[in-house]
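The values are calculated or read from the model by the stated rules, or taken from the named source; none is laboratory data. Being a predicted model, the structure only gives us computed values, none of them experimental. Cβ placement follows ideal geometry from the backbone for every residue including glycine, while neighbour counts extend to all protein chains displayed. Quick note on the areas: whole protein, heavy atoms, side chains included, nothing else; ligands and nucleic acids left out. Shrake-Rupley method; radii C 1.70, N 1.55, O 1.52, S 1.80 Å.
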Amino acid sequence: MQPFDYIVPHNFAEASALLMAGNDDTRPLLGGTDLLIRVRGGFIRPERIIDLKQLPGMCDIVRSAEGWLVIGAACTMNQVAGHPLVRQEYELLAQACESVASYQLRNRATVGGNCCNASPAADSAPALYCLEAVMEAYGPSGVRRIPIHEFFTGPRCNALRPGEFLTGIHLPPVPSRSAGAFNKLGRTKIGDISIVSVAVWAEAGSRKLEAGGQSKHPERVDGATRTAADGQSKDAERLTWRIAIGAAGPTPLRAPEAEAALAEDASPEGVARAAQLAAEAARPIDDIRASAAYRRGMVAVLARRGVNSVLARLGAAPSVVGGQP
Ligand SMILES: Cc1cc2nc3c(=O)[nH]c(=O)nc-3n(C[C@H](O)[C@H](O)[C@H](O)COP(=O)(O)OP(=O)(O)OC[C@H]3O[C@@H](n4cnc5c(N)ncnc54)[C@H](O)[C@@H]3O)c2cc1C
């Protein structure tokens, strides 16, 4: 591996200034499971690597005063997947993090690095799309918040500006009556990069969120949310669906037509139709791991599997968890 200077900044301003001064010669580092492999392979030749892990809050998972879950960018996949609040409220994200590579790698690989690397196959991304995460960056003009669907801008490209780096991932509060399912297909059963992945999420009622991370979730009380199950209002009985697809386009994608179709009809026929609409939303390519046609077909399979799993978790359909579509 070519030599480089390894620098640990003392604070956010110093980190930003180092990145700003360095351009492409300077790269931020979290777990290094993407970055160092690219350096070792000679794909990039940075002169300075700025280790951001020790900056305040980067390894913390906390609940904000507004009820959002804030995940520091340097939290590892295992840390996120094992956190009690993630498991209780955002289990979809835990499933996605647990699907990454091996246990050893998940002790090193971070959710922030997974997003900043901006691979279309990043496994945490479809879950974060479904949860409508807001990414927080620090840079020369201070703190900036970016909705997840604007963060991924193309293969290996993200919305960060010169001198900016990711500091955290903010997750809006979710209703207590909600469920998600993450399914991925790799070349091997566990531990492989996704050929395609699909995250599915459903929640009772609808949330109103402001861009920039402010929650307008009036019903949330003491960590619980009144929902259809509590019999609060007719409107809240409606399920809101979100479906996000990984590794089948230049960035992760939402499938809005499929989501709308499910909100109208989640019968077996409706689920089959939504799965087909999800496949039509995909924009896959042929590559070394699979053909575009195979990927598109598997989006339908994984979407149907995910929706049925979510319905079963919500008690809205006969249990089909683990069953074949
Ligand atoms: C054997 C193996 C198996 C893998 N399997 C999977 C898998 O199944 N699923 C999957 O999704 N991924 C997989 N990966 C890819 C990788 O592990 C993940 O993308 C990981 O989450 C990256 O996190 P990291 O902390 O290691 O990032 P790093 O390698 O530290 O950084 C990744 C990129 O983001 C930049 N960066 C880092 N921190 C910041 C920041 N704060 N702000 C801005 N830019 C930043 C870096 O400069 C680099 O370009 C695998 C990798 C290996 C080696």
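Table: residues versus (1) farther than 30 Å from C116 by Cβ; (2) over 21 Å from the mean Cα position of the chain (by Cα).
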{"position": "I245", "(1), (2)": "no, no"}
{"position": "E257", "(1), (2)": "no, no"}
{"position": "A266", "(1), (2)": "yes, yes"}
{"position": "Q276", "(1), (2)": "yes, yes"}
{"position": "D287", "(1), (2)": "no, yes"}
Q) Which numbered condition trips up T33, out of (1) touching a residue at least 40 places away in the same chain (Cβ under 8 Å); (2) within 28 Å of W201 (Cα to Cα); (3) among the polar types (S, T, N, Q)? A) (2)
Q: Could you please find all residues in the range 262-277 being small (G, A, S) and touching a residue at least 12 places away in the same chain (Cβ under 8 Å)?
A: A263, A266, A272, A274, A275
Q.
Among the residues in the range 7-26, are any within 22 Å of the chain's Cα centre (by Cα) and either in a strand (DSSP E or B) or at negative phi (or both)?
A. no
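Each row is one residue, and each column tells you yes or no for (1) of a type in the set (D, E, K, R); (2) modelled with pLDDT under 95; (3) open to solvent by 10 Å² or more (accessible area, probe 1.4 Å); (4) touching a Ser or Thr at 6+ places or on another chain (Cβ under 8 Å).
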{"site": "R27", "(1), (2), (3), (4)": "yes, no, yes, no"}
{"site": "R48", "(1), (2), (3), (4)": "yes, no, yes, yes"}
{"site": "D51", "(1), (2), (3), (4)": "yes, no, no, no"}
{"site": "G57", "(1), (2), (3), (4)": "no, no, yes, yes"}
{"site": "Q88", "(1), (2), (3), (4)": "no, no, yes, no"}
(Q) Take L19 and tell me if it is open to solvent by less than 50 Å² (accessible area, probe 1.4 Å) and either touching a Lys or Arg at 6+ places or on another chain (Cβ under 9 Å) or at pLDDT 95 or above (or both). (A) yes
Q | Test set (1) free of Cβ contacts under 8 Å to residues at least 24 places away in the same chain; (2) open to solvent by 30 Å² or more (accessible area, probe 1.4 Å); (3) part of a strand (DSSP E or B); (4) within 12 Å of the ligand (Cβ to nearest atom) - V62 fails condition number | A | (4)
Q. What's the number of the condition G142 fails, among (1) on the phi > 0 side of the Ramachandran plot; (2) of a type outside the set (S, T, N, Q); (3) touching a helix residue (DSSP H, G or I) at 6+ places or on another chain (Cβ under 8 Å)?
A. (3)
Q | T76 being near the ligand (Cβ under 9 Å from one of its atoms), modelled with pLDDT of 95 or more and buried (at least 22 other Cβ atoms within 10 Å of the Cβ) | A | yes
**Q.** Qualifying position, being surrounded by fewer than 19 Cβ atoms within 10 Å (Cβ to Cβ), over 13 Å from the mean Cα position of the chain (by Cα) and assigned to a loop (DSSP other than H, G, I, E, B), among I37, I44
**A.** I44
Q: Kindly list, by first and then second residue, each pair from a residue in the range 278-295 that is surrounded by 13 or more Cβ atoms within 10 Å (Cβ to Cβ) to a residue that is of a type in the set (K, R), limited to pairs with Cβ atoms under 6 Å and residues at least 6 apart or on different chains.
A: A279/R296; A282/R296; P284/R295; P284/R296
